[in-house]
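Read the structure below first, then the notes.
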Amino acid sequence: MLEIQNLVKKYGKFTAVDGLSLTINEGEIFGFVGPNGAGKTTTMKIIAGLLSPTSGKVLINGVDVTAHPRKLREKIGYMPDFFGVYDNLKVDEYMDFYAGTYNIPYSDREAIIDNLLELVDLSHKKDDYVDTLSRGMKQRLCLARSLVHDPDILILDEPASGLDPRARVEMKEVLKQLKTIGKTIIISSHILPELAELCTVIGIIDKGKIAAYGTVAQIMKQLTQKRMIKIKTMGNMEELITVLKEQPNIHDIFEKMDEVEIEFDGDEHQLANLLKNIIQRDIPIISFSEKEGNLEDIFMQITQGGESQND
Amino acid sequence: MINPVLRRELKTKLRSWKAPTLLSVYLVILASFGGLIMAINELDVYTRGFDPRGALSIYALLAGCQLGLIILLVPALTSGTISGERERQTLDLLLVTKLSPFSIIIGKLMASISQIILLILASIPIFSIIFVFGGVS
Ligand SMILES: Nc1ncnc2c1ncn2[C@@H]1O[C@H](COP(=O)(O)OP(=O)(O)OP(=O)(O)O)[C@@H](O)[C@H]1O
Ligand SMILES: [Mg+2]
């Protein structure tokens, strides 16, 4: 378990991280979202033991990171947002070098390296020089590198930046695979929708503070209160609308081209009841789904000016 | 287990174009110094005969040259190694590993020292020319 307690990081007079507290449980994928300069990289560097906080603590399984950085290094895999590679070094030698820095015995290395290159789909590049790889490949290689000592916690700072859409999907697949083997992953991004389907919990950070925290659904609910439900019927739309008008918890009804959208402010049970009621009235429903609220809008709402986040 | 930093440094250094270039330039400079010293000492066996006592001073001069060159080279070879990691943005990756800062520096230092030992070994043939004349033991 990773606990961040009241973390503060100041650069001179400027406060980059401002009293941040978080708890991330084992096996969770925590998405760290925020605009440029929000303090994501700073926080992640502190967790990785590269920066010392001005005040506050980071505890991993109850052990203070800043007090015992060496002890916790083997538990943490870190992938920075920007990184370089060495010239004149081949992919497998690159991996071998980092295996060496974690004192992994020579005899174990080949199997570990082959496995990891397989995981990030770089086996065919094993004998290439790392500086000749494309950016996306370097990114994948760096992910493999951060896993070389089999850490429990992975800290990935914008691992998907610079990747093409296909590589993003593949990166997500790799992360899901890592989740199934029980790794705790902290991943940062500027883009909320990108993390939404991957992460179990999301923290939106703005100006060094947590602006919203929870599962994607919770954050959406917290911010929008009302949910948008899309309903499609095979039959008459007018009929559907008249039925809907009699139902409770419906805030507003919008008639769209081939579907009806409603603003609903009840909970899950009330939503289930709504569907039951419509069907009991013999309306042929072919689709009843919650509109994935516009995450982009929510992100903008939370991170702009900041008036909207004060309840 | 060998220091991984040393292992990597040696591997990449010897592969780059810089290592053979440095070696060639170094040997050319040292050999031309040697030639110059011999010319100045007028070590001309055909006209004057050979004076083995002169050979000792030539040896000393050449050794002095080598010392001078190495004194110039050591800072050039060692100074940029840590800041080079920083410029190349590989330093953070190194600092999060289990390597201690001490072993990183030792690895870097030993890599530079090995390179200098390589230069010294490669210069042995130049010195052996003097031994051919005799007078030094
Ligand atoms: N070494 C430093 N010295 C001074 N200020 C710094 C330093 N590093 C970061 N900052 C400041 O701290 C703030 C947070 O930076 P940080 O890199 O953590 O943001 P971020 O959330 O990672 O942003 P991005 O999305 O652009 O990567 C920024 O305003 C930045 O200018
Ligand atoms: Mg950043």
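The values are calculated or read from the model by the stated rules, or taken from the named source; none is laboratory data. None of these values were measured; they are calculated from a predicted model. Note that we place each Cβ from the backbone using ideal geometry, even for glycine, and neighbour counts take in every protein chain shown. To get the accessible areas, we keep the full protein, side chains included, count just its heavy atoms, and leave off ligands, DNA and RNA. Shrake-Rupley method; radii C 1.70, N 1.55, O 1.52, S 1.80 Å.
Okay, here's what the table says:
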read-out	value
Segment A:S55-A:K207, extension gain: residue separation times 0.36 nm, minus the distance between their alpha carbons	53.0 nm
Using a Förster distance of 41 Å, the FRET efficiency for B:K18-A:T15 (Cβ separation, nearest 0.05)	0.40
Cβ-placed point charges (K, R +1; D, E -1), dipole of the protein assembly as shown about Cα centre in debye, nearest 20	2040 debye
Ranking by accessible area, most exposed first, for A:M237, A:M1 with a 1.4 Å probe	A:M1, A:M237
Set A:K126/A:K172; A:K75/A:K179; A:K57/A:K176; A:K13/A:K75; A:K10/A:K75 screened for pairs whose C-alpha atoms are more than 25 Å apart	A:K57/A:K176; A:K13/A:K75; A:K10/A:K75
Exposure rank, largest accessible area first [A:M234, A:M257, A:M95; 1.4 Å]	A:M257, A:M234, A:M95
Of all accessible heavy-atom area on chain A, the percent that carbon and sulfur account for (1.4 Å)	48 percent
Reduction of at least 30 Å² in accessible surface, 1.4 Å probe, comparing all protein chains with the chain by itself, residues of region A:32-53	A:L50
Radius ratio Rg over Rh of chain B, counting only Cα atoms, Kirkwood formula for Rh	1.14
Probe 1.4 Å - accessible area at A:S189, Å² to nearest ten	10 Å²
Carbon + sulfur, % of accessible area of region B:19-132 - ligands and nucleic acids excluded, 1.4 Å	74 percent
Heavy-atom accessible area ranking, 1.4 Å probe, most first, across B:M1, B:M110	B:M1, B:M110
Extension gain, A:I181 back to A:D127 (0.36 nm per residue minus Cα-Cα distance, nm)	16.6 nm
Buried accessible area, chains A and B (both chains, 1.4 Å probe, Å² to nearest 100)	2600 Å²
Projected label distance in nm at A:N36 and A:K221, using a 7 Å step from Cα toward the beta-carbon	3.6 nm
Volume per residue of the C-alpha convex hull in the protein assembly as shown, rounded to whole Å³	202 Å³
Between region A:119-141 and region B:97-122, the Cα center-to-center distance that results, in Å	28 Å
Residues A:I191 and A:E238, FRET efficiency given R0 of 41 Å [Cβ-Cβ distance, rounded to 0.05]	0.55
